[in-house]
1. What net charge do the residues around F534 carry, taking every other residue with its C-beta under 15 Å from that of F534, with Lys and Arg at +1 and Asp and Glu at -1?
2. Loop only per DSSP, at most 15 neighbouring Cβ atoms within 10 Å: give me the trypsin sites (Lys or Arg not before Pro) in region 763-820, ordered by residue number.
3. Once all Cα-Cα distances of region 410-449 are split into 5 Å bins that start at 0, what whole-number percent is in each one?
4. Arrange the residues K539, K170 by how much accessible surface each exposes, largest first, with a 1.4 angstrom probe.
5. Can you tell me the FRET efficiency between R620 and A182 if r is taken as the Cβ-Cβ distance and R0 is 60 Å, rounded to the nearest 0.05?
6. Between region 413-443 and region 51-96, how far is it from one alpha carbon centroid to the other, in angstrom?
7. Please express the shape of region 660-710 as an equivalent ellipsoid: the semi-axes are the square roots of 5 times the eigenvalues of the C-alpha gyration tensor, given largest first in whole angstrom.
8. Heavy atoms only, 1.4 Å probe, whole protein assembly: order S692, S278, S135 by accessible area, highest first.
Amino acid sequence: MLPLDGSTMVLENGATALSSTGKPAEPSEQPDPHAVGTSAPEGPIVQVALIPAQGNLDILDYVVPESLAHEVAVGSRVVVPLGRRFVMGVVIQQVEHSAAPHLRPISACLDHNGPLFDPLLLELARWLGEYYLGSLSEAIATMIPSAIKVRVRRLLSTAPSALTEVADPKDRNIVEHVARHAWIPVPTLRRQLKEAFSTARLERLCRQGILLVRYQAEASVPAERQGLRIVRISTPLPELEVEVWMQRRPALWRFYEYLYHHPSGYATLDELQANFPSARAKLRLLEEAGVIEWDRLAPEPILSSSTETASQALPLTAHQSEAVRQLRASLHEGFVPFLLFGVTGSGKTEVYLQTAEACLSAGKTVLALVPEISLTHQLVTALRGRFGSEVALLHSGLSPRERWQQWERIASGAVHLAVGARSAVFAPLRNLGLIIVDEEHDGAYKQEEGLRYHARDVAVMRARLANCTIVLGSATPSLESYYNARRGRYRLLHLPERIDTRPLPTVELIDLRGTRVHGRALPLSQTLCSALEFNLAVKQQSLLFLNRRGYARFLQCLECGAVMNCANCSVSLTYHQRKAALQCHHCGRTTPAPRCCPQCGGTAVAAWSAGTEQVEQVVRALLPHARVARLDRDVAARPKALLEILNHWIAGNFDILIGTQMVTKGHHVPNVTLVGVILADLSRNLPDFRSSERTFQLLTQVAGRAGRGDVPGRVLVQTYRPEDPVLQWAASQDYEGFARYELSHRQELAYPPFSRLVLARVEARHEEEAQTVAHQFAATVAALGGHALQVLGPAPAPLLRLRGWYRWQVLLRSTHSAIARRSAAHARTLVRERLSQKAHVRIVLDVDPQSLL
C-alpha cells in the first residue's frame with residue numbers, strides 16, 4: 001500500500017521516485033512521456049474513477065501495462081496521467097473496448113497488498129452516488145479518508161549533450177540552471193529563475209529531448225500528529241501604539257481587535273481569510289510587530305475513564321435476554337434489520353456488547369457507529385473494555401497518519417471490530433456480520449457538505465449488500481425508523497424498563513407566563529432555583545440545559561431599535577461577554593462588541609435572549625458556594641477542555657453543569673438527580689416540519705440523564721407554552737403516544753415517512769440571481785416530474801444569506817423516491833447548461849433532507 005514515511009514510488013514511462021531510504025532512484029532517462037505523438041502500449045483496458053473528479057472528468061479509460069498486470073485489480077488505487085499531471089484514481093471495472101482513440105497507461109499501483117475496495121464497497125459506492133445524486137468519483141472520494149492523498153511532482157534534468165545542442169541564449173540559461181542539479185522540481189526552477197522562466201521554452205526543450213523529465217508520486221500523510229493551525233495574540237499592543245494604529249492603520253487595527261476579542265482566544269487562517277481581505281499580509285505585519293503567535297490545536301482525545309479496562313458480561317434483564325436471543329439468532333439469517341427501542345438507562349449497550357461477542361466468536365466482523373465519538377463515549381468505552389485491542393477507532397481527533405493506519409489495520413484484517421462516527425460507515429471490514437447504529441435518531445449522522453448522505457441509511461444499505469444483521473438503537477427512534485418497524489420492515493425489540501427496575505424521572509412543566517423570574521433576559525423560575533438549592537444541600541448533582549451558547553442571542557439598541565447583525569449571514573450576532581465580542585455561529589465572523597449603537601450612536605445597548613454563558617453567571621450569583629461548570633462548543637473548543645470537564649463531572653467534582661445539546665448525549669452520572677430545562681420552546685419554534693420530533697427527542701434525552709442511580713430523578717421543564725401537545729407527551733415520557741400523534745399529522749401533510757423529499761437549494765452572490773435560477777429550476781423540474789411530483793416553491797431559505805451566499809430553495813415531494821431524485825438531477829443538469837460560464841451560482845441537491853433551514 002501507499003508508503004507513509006514520506007517515501008515515493010517509481011512510475012512508469014520514465015517517471016521515477018524516491019526510494020524507501022529517501023534517495024532518488026535512478027530514472028530511465030528519456031524525453032517527456034506526455035509529448036505529442038506518444039503511443040499507448042497494449043494491455044487490458046480498465047475504467048478508472050478519478051479521485052477527486054477533475055472538472056467534468058470523473059471516469060476515464062486506461063491501459064494496464066504488462067509491468068503492473070500482477071498488481072492492478074478492480075478496487076485498486078492507482079496513479080494515472082491526466083494531461084501533464086498525475087492524479088489518483090480507483091479502478092472500478094475492466095472493459096473489452098474503449099471509445100477513446102488513444103489510451104494512456106496506468107503509471108503506478110498504490111495497493112500492493114490487494115485492493116482497498118472489495119466488490120461490496122464498490123457496489124456501495126455506486127449506490128451512494130446514484131441515490132444521493134453525485135458521481136461515482138464523488139462517492140468514492142467521500143468514502144476514502146482525506147489522509148490518502150497522492151502528490152506528484154515534475155522534476156527536470158539535462159541530457160548528456162544538452163549544452164552543445166542549445167544556441168539560443170535564453171534557452172541556454174534554462175538548461176545551464178537545470179544542469180547544476182541532479183533533478184530539480186519545476187516550481188523550484190520557476191522560483192529561482194523568476195522573470196527568466198518561460199513555460200513555453202521549457203515545454204519545447206522537453207519535446208526536443210534536451211531536458212529529461214521524471215515524476216515523484218509521494219504520500220502527503222504528515223509524519224507528525226498535527227491539529228488545526230491557529231493564530232492568537234501573544235503580546236497585547238502597547239498602549240502608546242494603540243492610538244497610532246487606530247488613526248494611521250485602521251484596517252490593521254480592526255484585524256488586531258478581531259483577534260484580541262475572539263471568543264475562542266484564537267482564530268484559524270480560513271476564518272481570517274473569509275472575513276478580511278489580504279489576511280495573510282496583515283498576519284505578516286502583526287508577526288513583524290511581535291504581537292501574534294502561531295500554534296496548532298491538539299486533536300480532541302477520546303474520553304477515557306477508569307472503566308476502560310477488561311470487563312465481563314453483565315447479567316441481563318428478561319427484556320435484554322430476549323433482545324440478545326433474537327439478535328444472536330439473526331446472525332445466521334442474512335440481512336435482518338432491527339430497531340432496538342429502549343428507554344434511557346435500559347441497558348442497550350450491554351445488548352450490543354453480547355451480540356457483538358457472539359458475532360466475533362462466529363468469525364465475522366462488527367461495525368459500530370456513534371453520532372459524535374467524543375460525546376457518546378459510553379459505547380466506545382464499553383467496546384474497548386470488552387474487546388481491548390480488537391477495536392479500531394475512527395474519529396476526527398486522529399491525525400491523518402493515525403486515521404490511515406487504522407484503515408490499514410481494518411483492511412488487512414488485523415482487527416475485527418471498528419467503531420467511529422459518521423464516516424466510519426465506510427470502514428473496509430471484510431466478512432461483515434453485524435452493524436450497530438447507536439442513537440440512530442441523531443442528526444449528526446447526516447452529512448451536510450459535499451455528498452449529503454445519511455450514515456444510518458447508508459449503514460442499512462451496507463448491511464443489505466453484506467447480507468448481515470443491523471441493529472438501530474435509540475430511546476427516541478426517528479419516526480422513519482419507528483414507522484418501518486410498525487410496517488414490519490424492521491423487527492422491533494423493546495426495552496421498556498430501566499436496569500434494576502429504577503423508575504424514570506418525574507417530569508414537571510413550569511409555566512413561565514406571569515411567573516416571577518430572575519433577570520430580564522433569563523427565565524429562571526423560583527421553582528427551579530429552589531430545586532437547585534435543595535440538591536446542593538443534599539450533595540446531589542444538577543444539570544441545566546439551554547440549547548443556545550454565548551451570553552445573549554443578540555444586542556439591541558434601546559433608542560433606535562437596531563440589532564447587531566452579521567454582514568455575511570441573515571442572523572443576529574451572538575454576544576459573548578467573556579471576550580466582549582459578537583460572533584456569528586454560522587460563518588464564524590467575530591467583531592468587538594460596540595460601546596454604542598453603530599446606527600444612532602446611542603449608549604443604551606441591551607443584551608436579549610440568554611445563552612449558557614449568562615446562565616452560568618446567574619447561577620454563580622444565586623449559589624455562590626456551588627461548584628459550577630459550563631459545557632458548550634465555546635468551552636470544548638479549547639484543547640482537552642471537553643475531556644477534563646466530563647471527567648470532573650463524572651467524578652462528582654461539580655455540583656451544577658450548564659450546557660447545550662452536548663450534555664444530553666450518553667453521559668451516565670448516577671449522582672445527577674435534577675435536570676432543569678431553561679427554555680423548552682427554542683427548538684419547537686423552528687420553521688421545520690421536524691421541529692416537534694426534535695423537541696420531543698431532546699427533552700426525553702436530557703431528562704434521561706436524571707435518576708440513573710439509587711435516588712429517583714426530577715426534571716423541571718420551563719416553557720411559555722405548557723399546553724403544547726409535544727411538551728405534554730414529553731412530560732409523560734410516552735414515545736409511542738407521541739409517535740402516533742405526530743405520524744397522524746405527517747400523514748395529513750404528506751411529509752416523511754409518507755413521502756420522500758429532495759431539497760434543491762440555489763446559492764448565488766446576488767439574491768436576484770439566486771431567485772431567477774430557482775424559478776428556472778422549479779419550472780424545469782415540474783415539467784419533468786409531471787403529476788407524480790409536487791413542487792413546493794421556490795422561496796427564500798429561512799436563513800436567506802449564509803457565508804455571503806444568498807439562498808433560494810425548491811422542495812420536491814413524491815411518494816416515489818426515484819421520481820423525485822431523477823427529476824431533480826435532470827433539472828439541475830438542464831439549468832446548469834443554460835447558465836453563463838461566468839455565473840457564480842451553485843445548485844445543491846439534498847436527498848432526504850434533515851433540515852429545511
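1. Residues close to F534 contribute a combined charge of -1.
2. R765, R803
3. Spelled out per bin, shortest first, that is 5, 19, 30, 21, 13, 9, 2.
4. Details: K539 160, K170 130 Å².
Largest to smallest exposure gives the sequence K539, K170.
5. Given R0 = 60 Å and the Cβ-Cβ separation, E is 0.35.
6. Using only Cα atoms to place each centre, the spacing works out to 28 Å.
7. 24, 10, 8
8. On the way: S692 15, S278 80, S135 35 Å².
So the residues, ranked largest to smallest area, are S278, S135, S692.
The values are calculated or read from the model by the stated rules, or taken from the named source; none is laboratory data. From a predicted model like this one, the values you see are computed outputs, not experimental measurements. Don't worry about glycine lacking a Cβ; one is built from the backbone with ideal geometry, like all the others, and counts go over all protein chains shown. Areas reflect the complete protein model, heavy atoms only, side chains present, ligands, DNA and RNA absent. Shrake-Rupley method; radii C 1.70, N 1.55, O 1.52, S 1.80 Å.
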